[in-house]
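Asker: Quick one: the structure is below, questions incoming.
The values are calculated or read from the model by the stated rules, or taken from the named source; none is laboratory data. Note that the structure is predicted; figures quoted are calculated from it, not measured. Heads up, the Cβs are rebuilt from the backbone with ideal geometry, glycines too, and the neighbour counts pull from every protein chain shown. Calculation scope for accessible area: heavy atoms of the full protein, side chains included, ligands and nucleic acids excluded. Shrake-Rupley method; radii C 1.70, N 1.55, O 1.52, S 1.80 Å.
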Amino acid sequence: FIRGPDFGLYDSFPSGDEDNTFTGNVDNEINGNWISAPTGSIHEARLKAKVKRRLRKNSSRDSGRGDSLSDTGDVVRSVVPPTSPKGKLLNRRSRMGKGRGLPKKGGAGGKGVWGTPGQVYDEDKVDVKDPNYDAEQENCVYETVVLPLDEETFEKTVTPIVQEYFEHGDANEVAELLAELNLGSMRGDVPMLAVSLALEAKASHRELTSCLLSELCGCVLTADDVEASFHKLLKELPDLVLDTPGAPQMLGQFIARAVADNILPKSFIDGYKGRVDCEYARAALDRAAVLLRMSRWTGLRIDSLWGSGGGQRPVNQLIKEVNLLLKEYLLSGDTVEAERCLRELEVPHFHHEFVYEAVIMVLESKGNRTLQMILQLLKSLCASTVITVDQLRRGFERVYVDMADLSIDVPCAYSLLEKFVEQSFDTGVIDKKLRDLCPCR
């Protein structure tokens, strides 16, 4: 027996028939691969079978590559679409096995794709044959409609706008906010609401309100709206007096300022002559008429009728008002009135100047009465928190720094200051730390 290439046993025949039989067995399949008996050798067939087995193993590891064997035994790599899940997701070519291998829909398919790169969409043309086509809606223009404000909504919407204006003082911002609203028939109530809020506010807020009415007239409001608002205010004066006793005089000043700013006609006051039954309205109109006559005869500036806000006034003017306040207090001795006047200045950041001027006045007076009155005033203002601890400390420290110059005009300034500081500490106006900082000669 002879062991064949397929590891089988064959009979050996010495004659020619036996040779033919052996040759036919060699032509059998070797490891699943057929070889040609005339030209190939058994060793070459085994190598080819080994290479094919190796290619089958590698194909399971790298499914994205397709390797084949050429007739000469060389490995030929062919590009085959990847078969891994991740490769399938990233590949846009068709997996149906059809076509030319191009991307699906020309690269415009897949999730999150809105068309091919660089494609510009035109407006859709209206299909006249569409069952939902309506010829009447073809030329329609759609706009956002803002409903007009009613009385309740108007007050809730505009009141915060005016109150915020009292804080920032920007009339242009108020005009922009009001322009976004559909005021409708409530447009003429804007000046009325602003003046009503200003009557209960400070003098600086009333000045801001007058400036606001002047700015709004022409862009948001008309002269007729302003005139109608003041007519309503005169009718509602009896109700306004209940909350603000000085409402007639203040309203008269608003009217005079509006006439001076040319947002009210000069004939507004003349139209009420002999036709006013309400005493409050008559007082308001009389106040406005007097102010306008004074502006013509004495040159009174109505544009500064309410005065400027605390932070808007120059420092020299504030110092003069502080000195005047202290002198009036030394003459009257009314602590409550002095506190009210200091609040009306609306300069809480400038109260250190008040403390400084008060201590200087004690040093220059050289009398015990002034010392006791100023000490009583400072104690009252600190107890009511009108003057803060920080402002009080800054005022005393400024006096300590300037003592070298003050002692030139007042030789006994150091002894007077030590006496005043000691009594201030005893009454609880200043603390021990501030007392110890007091300079001595």
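Asker: In the neighborhood of P245, defined by Cβ-to-Cβ distances under 13 Å, what is the net charge if each Lys or Arg adds +1 and each Asp or Glu adds -1?
Answerer: -3
Asker: Could you please put V128, V399, V51 in sequence from largest to smallest accessible area, using a 1.4 Å probe?
Answerer: The residues order as V128, V51, V399, largest area first.
Asker: Based on the mean of other Cβ atoms within 10 Å per residue, sort peptides 414-420, 249-255 so the most packed one is first. Don't skip to the end; give the middle numbers.
Answerer: On the way: 414-420: 17.7, 249-255: 22.3.
Averaged packing, sorted descending, gives the order 249-255, 414-420.
Asker: Working with all protein chains in place, sort D286, D224 by solvent-accessible area computed with a 1.4 Å probe, largest first.
Answerer: Output order, biggest surface exposure first: D224, D286.
Asker: Next question. With every protein chain kept in the model, how would you rank S267, S196 by accessible area, 1.4 Å probe, largest at the top?
Answerer: The ordering from most to least exposed comes out as S267, S196.
Asker: Across bins of 5 angstrom width beginning at 0, how are the C-alpha pair distances of segment 103-226 distributed, in whole percent?
Answerer: Per 5 Å bin, starting at 0, the Cα pair percentages come out as 2, 9, 15, 14, 10, 6, 5, 5, 6, 8, 8, 7, 5, 2, 1, 0.
Asker: Equivalent ellipsoid semi-axes for segment 119-188, as square roots of 5 times the alpha carbon gyration tensor eigenvalues: give them largest first, rounded to whole Å. Before the final figure, lay out the partial values.
Answerer: Values: eigenvalues 379, 62, 14 Å².
Equivalent ellipsoid of segment 119-188: 44, 18, 8 Å, largest first.
Asker: Now for a separate question. To two decimal places, what compactness ratio does segment 314-409 give when its Cα radius of gyration is scaled by 2.2 N^0.38 Å?
Answerer: That ratio works out to 1.01.
Asker: Quick one: pull the percent of accessible area on segment 197-301 belonging to carbon and sulfur, 1.4 Å probe, ligands and nucleic acids left out.
Answerer: C and S fraction of accessible area: 50 percent.
Asker: Compute, for H43, the solvent-accessible surface of its heavy atoms (probe 1.4 Å) with the complete set of protein chains present, and express it in square angstrom to the nearest 10.
Answerer: Counting only protein heavy atoms, H43 exposes about 130 Å² to solvent.
Asker: Could you compute how much accessible surface Y133 exposes when probed at 1.4 Å, giving the result in Å² to the nearest 10?
Answerer: 70
Asker: Now a separate question. Over the C-alpha atoms of segment 191-272, what are the Rg and the largest Cα-to-Cα span, Dmax, in Å?
Answerer: Spelled out, the Cα radius of gyration and Dmax of segment 191-272 are 11.8, 34 Å.
Asker: Take the cross-link list K366/K419; K327/K379; K379/K432; K320/K432 and give me the ones stretching past 21 Å between alpha-carbons.
Answerer: Cα-Cα > 21 Å for K320/K432; rest within.
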